[in-house]
Amino acid sequence: MINLIKSVLEYFNELLLNVGLSEYWASHISQFTAFLLLLVFSYLIYYVTWKLIRIVLLPIFQRSKNQFDDLLVRHQFFRKIAYLVPAIILYNLSDESLAIFPDYVQIFNSILEIFFVIISILIIDSLLSTLNDFYERYDFAKDHPIKSLVQIIKIIIYIIGGLIILGNLINKDLSTIVIGMGTLSAVLMLIFKDPILGFVGGLQLIFNKMLSIGDWITMPKFGADGIVLEINLTTVKVQNWDKTIVTIPTYSLISDSFQNWRGMEEAGGRRIKRALYIDMDSITFCTEGMLERFHKIVVLKPYLEKKEKELEEYNKKFKPDPSSLVNGRRQTNIGVFRAYLKAYLQNHPDIHNNMTFLVRQLPPSEKGLPIEIYVFTKTTDWAEYEDVQADIFDHILAVTPQFDLKVYQFPNNSYLVEMTNSN
């Protein structure tokens, strides 16, 4: 190739001398013409190289079952490799084509060196992105994402590449530049404060298994309530249930509090914790008629039989005066109601019996007596969970009057009656 350039130079030089140009102009024009031809030749080499890659290599990659090469194509790895071919040709042959312009040769080679650095950075960037995408195809990548690590490596590569380019421009060695930048370390710490904190926070999140892609988290401070889409160097991207996207600073997940629902999903049950407020004016001892009516409720029969036997033995033993209801032990409608709720939920097909299961009274308040349902559904799906919870409380609200109880609401019926009588 060098001999070809020399032949072209000699040919053009003789041609220009024959048409009457001076040796000075003939040599300069022939050198410039050779350089233009070299540029055109380099572009043609790039075009042929990229054409061969598209025609020969890419179809092979598309037909292969290996996904890694498909990702390389997606991130334009081979296109960036093709850029190196003309750059190498120009770097090696520019000395001959511009021999008469030594100053320009040095400038042109400096430009090519900068081009080499930029293309090398882009190739490494493409390769790192490919590795990250390929890694994310595996299930364990959700618990151990490497995206933040890849991003910090990219930043380091870009910084090194920028320093090499700077050294080339000012004609200084890389080590000299690094030593000189030591005085700017405090400024750099301020500039890269968020990436550094984000990187540290990301490592803590990953290695402590605090957060994974696909987790449902809530963080009211940032308006986040949804699924984690990405864990990046400086931000964590969350898609809320209303399909809005929230970005949270990575380090904030370490310094602040957030709720991760992964444990609920892995446990296979979702908690129902809701109270029903009973009007305390409706709470009373059970009469014979009430007990007879309650015996017709199938799920209550075992409880009523056991309880009646227990109360009968107690009253026989202590022989209380039956003339007053406060003497001895008697069943109450609220107690039977709690027993019914427990039996109803134990027989419900969508409720876990082997997880925490409570039907309990909470301290009375001005709103009545709270009867709290604390159980777990068998489904963790949000929509199904809401349906199960709604069905349960639909039934409870409808069945409450069957126990001669009233659900409290303000203003309650007793309050209205008192107000009417006082007027």
Quiz item: What about TYR303, is it aromatic (Phe, Trp, Tyr) and closer than 12 Å to GLY335 by Cβ?
Solution: yes
Quiz item: Which ones in the stretch 119-159 are of a type in the set (Lys, Arg) and surrounded by 19 or more Cβ atoms within 10 Å (Cβ to Cβ)?
Solution: LYS147
Exercise. Kindly state which helices (runs of 4 or more DSSP H) lie completely within the stretch 276-376 and contain at least 1 residues that are of a type in the set (Asp, Glu).
Key: 288-294, 301-318
Self-check item: Residue list for the stretch 205-227, filter: in contact with a Phe, Trp or Tyr (Cβ under 8 Å, 6 or more places away or on another chain) and either in a strand (DSSP E or B) or on the phi > 0 side of the Ramachandran plot (or both)
Solution: TRP216, ILE217, THR218, MET219, ALA224, ASP225, GLY226, ILE227
Quiz item: Looking at ILE278, ILE297, which is the one that is at pLDDT 90 or above and in contact with a Gly (Cβ under 9 Å, 6 or more places away or on another chain)?
Solution: ILE278
Practice problem: Scan VAL8, VAL105, VAL56 and give me the residue that is at pLDDT 80 or above, part of a helix (DSSP H, G or I) and more than 19 Å from ILE119 (Cα to Cα). | Solution: VAL56
Practice problem: Identify, from the list LYS221, LYS237, the residue that is under 21 Å from TYR138 (Cα atoms) and not aliphatic (A, V, I, L, M). | Solution: LYS237
Quiz item: Restricting to the stretch 247-286, what's the tally of residues that are crowded, with 17+ Cβ neighbours inside 10 Å, farther than 24 Å from LEU397 by Cβ and of a type in the set (Val, Ile, Thr)?
Solution: 3
Quiz item: Could you list, in sequence order, the residues of the stretch 346-366 that are of a type in the set (A, V, I, L, M, F, W, C) and under 13 Å from GLY269 (Cβ atoms)?
Solution: ILE351, MET355, PHE357
Exercise. Name the one entry in TYR340, TYR303 that is under 25 Å from ILE373 (Cβ atoms), touching a Leu at 6+ places or on another chain (Cβ under 6 Å) and of a type in the set (Ser, Thr, Tyr).
Key: TYR340
Quiz prompt | Candidate set: the stretch 267-296, residues that are of a type in the set (S, T, N, Q) and under 22 Å from GLU366 (Cα atoms); chosen: the one nearest to the chain's Cα centre (by Cα) | solution = SER282
Practice problem: Starting from the stretch 115-139, take each residue that is touching a residue at least 60 places away in the same chain (Cβ under 8 Å) and list its partners that are exposed (fewer than 15 other Cβ atoms within 10 Å of the Cβ) and of a type in the set (Gly, Ala, Ser), counting only C-beta distances under 6 angstrom and pairs at least six apart or across chains. | Solution: none
Quiz item: Before we move on, is ILE248 part of a helix (DSSP H, G or I) and farther than 30 Å from PRO349 by Cβ?
Solution: no
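The values are calculated or read from the model by the stated rules, or taken from the named source; none is laboratory data. Fair warning: this is a prediction, and the values are worked out from it, not measured in the lab. Because the Cβ atoms are built from the backbone with ideal geometry, glycine has one as well, and the counts that use them run over all protein chains shown.
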